[in-house]
Amino acid sequence: MTNFTELPRWPQLTDGDIDAAVSALRSNRLVGAPGSLVDELEAAIAQKQSVSRAVAVSSGTAAVHLALQAAGVGPGDEVIVPAHTFVGSASPIVYLGARPVFADVRPDTHCVDADSVKSLLTERTKAVVVVHINGCAADMAALRAVVEPVGVALVEDMAQALGTKIGDRPVGGFGDLACISLFEQKVITSGGEGGLVLTDNAAYAERVKRLRTHGEGPIEGQPGMIWAHEVGYNYRLTTMQAAIGVSQLKRLDEQVELRRHNAAYLSELLADVEELEVPTEPEGTVHAYWKYALRVVPGPGRRTAAELAAELRSRKIPALLRYPYPLHRQPAFRDHRGESCPVAERLSQELLALPSHPGLAEGHLDHVAAQVKQALVQ
Ligand SMILES: *Cc1c(COP(=O)(O)O)cnc(C)c1O
């Protein structure tokens, strides 16, 4: 058995990514004027995700913020969001003066449960944030059937789901708007931070563009003049970031294949372990496996997921609990508690993500699986 002192880390930037960033700097066009690399990134992502518009912003959280604002979310509204996700799915609801309402997730996919969403709809519900968690596709058909009769917007948070498909269509075009993150740890990165809003709705795209740059836009009847039509933000992406994003996007398909290969390989090694339940891919979908999250099945005398994670980290395997605190249990959302999300609460005690990124070869995964098996019994 090979002994690794440390597993390769994610992300991995190539010389090509870095050269692209340097040429953007040398071009002396540092922010996104028309025709810049920012436009190029937007066009490339829109094409990749089969939507008509993409607007690049400074982070995935900024993307969720502007998507919700474009969908009309404002003070006093309610927005339904899964309890089992990253905080960035929910904080923007509070930025807008609206109230997050936490929905439960499904025990199989760990994505938001359409029945739970249905039970939480009120007259004040303005939007539902749907998270394709870990790269696993949420059931968009069931969710659409729940929201369509009541005219509530669906926003896909696909921060973890570049590469995920439903049928042969990439996610991002199943809701009214979708949000991508290009943060360092995500499927691809624009050099640390970045994001995009996707939509097929031209009016939403124009509103997101305007909000991204201080709410400014042309004044009707005064050619060449602009002013702030509404209070906006500075959520721009730089051309240096866009250049890295464009460069990384070229490797997306290949990297998703590697992630899927690594996930299948780990599952093959761990499927027989009684204490573990390996992740599943819903029928008719492509799971991008941004994270390989398995369930540590509780039982008498068994290690909990938290104990296993600690033991693995002491063996230099960066295992993570995903997510150990449902959103409605975190102090930031203390004013919004009260909902019951039994599945999300149970999963918070049971899910463990193992390293599976494309920088790992089969030898590394053999080592990870062997350490997991030892850590379970010691
Ligand atoms: C990473 C992430 C975000 C936020 O993206 P940032 O680029 O880090 O702001 C939002 N939602 C989910 C589900 C994420 O994983």
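Assess whether residue 336 counts as being at pLDDT below 95 and in contact with a Lys or Arg (Cβ under 8 Å, 6 or more places away or on another chain).
So residue 336 passes the test.
List every residue pair whose Cβ atoms lie under 9 Å apart, where the two residues are 6 or more positions apart in sequence or sit on different chains, the first residue falls within region 177-197 and is more than 15 Å from residue 51 (Cβ to Cβ) and of a type in the set (Asp, Glu), and the second residue, located anywhere, is near the ligand (Cβ under 10 Å from one of its atoms) and part of a strand (DSSP E or B).
Filtered contacts from region 177-197: 184/192; 193/181; 193/183.
Only residues that are in a loop (DSSP other than H, G, I, E, B) and not acidic (Asp, Glu): list them for region 343-378, please.
Matches in region 343-378: 349, 355, 356, 357, 358, 359, 360, 361, 378.
What helices (runs of 4 or more DSSP H), lying completely within region 173-288, carry at least 2 residues that are under 21 Å from residue 38 (Cβ atoms) and more than 16 Å from the ligand (Cβ to nearest atom)?
Working: elements: 202-212, 239-249, 252-270.
By residue number, 202-212, 239-249.
Which condition does residue 330 not pass, out of (1) in contact (Cβ under 8 Å) with a residue 40 or more places away in the chain; (2) crowded, with 19+ Cβ neighbours inside 10 Å, if it passes all the others?
For residue 330, the failing item is (2).
For residue 52, are the conditions met, namely being within 20 Å of the chain's Cα centre (by Cα), at pLDDT 95 or above, among the polar types (S, T, N, Q) and surrounded by fewer than 24 Cβ atoms within 10 Å (Cβ to Cβ)?
no
Answer yes or no: is there a residue in region 16-28 that is in a loop (DSSP other than H, G, I, E, B) and surrounded by fewer than 16 Cβ atoms within 10 Å (Cβ to Cβ).
yes
Give the residues of region 121-139 that are out of contact with any Cys (no Cβ under 8 Å at 6 or more places or on another chain) and within 16 Å of the ligand (Cβ to nearest atom), sorted by residue number. Outline the logic, then answer.
Taking region 121-139 first, the residues out of contact with any Cys (no Cβ under 8 Å at 6 or more places or on another chain) are 121-129, 134-135.
Residues satisfying the conditions are 127, 128, 129, 134, 135.
Return yes or no: is residue 294 assigned to a helix (DSSP H, G or I), among the hydrophobic types (A, V, I, L, M, F, W, C) and in contact with a strand residue (DSSP E or B) (Cβ under 8 Å, 6 or more places away or on another chain)?
no
Return the residues of region 33-43 that are touching a residue at least 24 places away in the same chain (Cβ under 8 Å) and within 24 Å of the chain's Cα centre (by Cα); say none if nothing qualifies.
Keep residues of region 33-43 that are touching a residue at least 24 places away in the same chain (Cβ under 8 Å), which gives 36-38, 40-42.
If the condition is that a residue be touching a residue at least 24 places away in the same chain (Cβ under 8 Å) and within 24 Å of the chain's Cα centre (by Cα), then 37, 38, 40, 41, 42 are the ones that fit.
Taking residue 116 and the conditions (1) in a loop (DSSP other than H, G, I, E, B); (2) over 18 Å from residue 159 (Cα atoms); (3) hydroxyl-bearing (Ser, Thr, Tyr), which numbered condition does it fall short on, given that it satisfies the others?
Here residue 116 clears every test but (1).
For region 281-322, enumerate the residues that are of a type in the set (Gly, Ala, Ser), in contact (Cβ under 8 Å) with a residue 12 or more places away in the chain and more than 30 Å from residue 141 (Cα to Cα).
Correct list: 299, 305, 306, 309, 319.
Out of the residues in region 44-76 that are closer than 15 Å to residue 246 by Cβ and in contact (Cβ under 8 Å) with a residue 40 or more places away in the chain, which is nearest to the ligand (Cβ to nearest atom)? If you could, list the steps in order and put the result at the bottom.
Initial filter on region 44-76 (closer than 15 Å to residue 246 by Cβ): 44-49, 54, 56.
Restricting the remaining residues to those that are in contact (Cβ under 8 Å) with a residue 40 or more places away in the chain gives 44-46, 48-49, 54, 56.
Numbers: 44: 18, 45: 14, 46: 19, 48: 18, 49: 16, 54: 15, 56: 12 Å.
Among residues in region 44-76 that are closer than 15 Å to residue 246 by Cβ and in contact (Cβ under 8 Å) with a residue 40 or more places away in the chain, the one nearest to the ligand (Cβ to nearest atom) is 56.
Which count do you get for residues in region 297-342 that are assigned to a loop (DSSP other than H, G, I, E, B) and among the hydrophobic types (A, V, I, L, M, F, W, C)?
4
Within region 66-88, does at least one residue satisfy the condition of being in contact with a Ser or Thr (Cβ under 8 Å, 6 or more places away or on another chain), assigned to a helix (DSSP H, G or I) and surrounded by fewer than 19 Cβ atoms within 10 Å (Cβ to Cβ)?
No, that holds for no residue.
Name the residues in region 201-225 that are touching a His at 6+ places or on another chain (Cβ under 8 Å) and crowded, with 17+ Cβ neighbours inside 10 Å, would you?
Listed by number, the residues that qualify are 210, 217.
Is it the case that region 136-152 has a residue that's touching a Leu at 6+ places or on another chain (Cβ under 8 Å), closer than 30 Å to residue 33 by Cβ and modelled with pLDDT of 95 or more? Break it down stepwise before answering.
Residues of region 136-152 that are touching a Leu at 6+ places or on another chain (Cβ under 8 Å), as a first pass: 140, 143-144, 146-147, 150, 152.
From what's left, closer than 30 Å to residue 33 by Cβ: none.
Checking region 136-152: not a single residue is touching a Leu at 6+ places or on another chain (Cβ under 8 Å), closer than 30 Å to residue 33 by Cβ and modelled with pLDDT of 95 or more.
Residue by residue through region 278-305, note down the ones that are over 23 Å from the mean Cα position of the chain (by Cα), surrounded by fewer than 16 Cβ atoms within 10 Å (Cβ to Cβ) and not β-branched (Val, Ile, Thr).
Matches in region 278-305: 298, 299, 300, 301, 302.
The values are calculated or read from the model by the stated rules, or taken from the named source; none is laboratory data. None of the values given here were measured: they were computed from a predicted structure. Cβ: placed from backbone, ideal geometry, glycine included. Neighbour counts: every protein chain shown.
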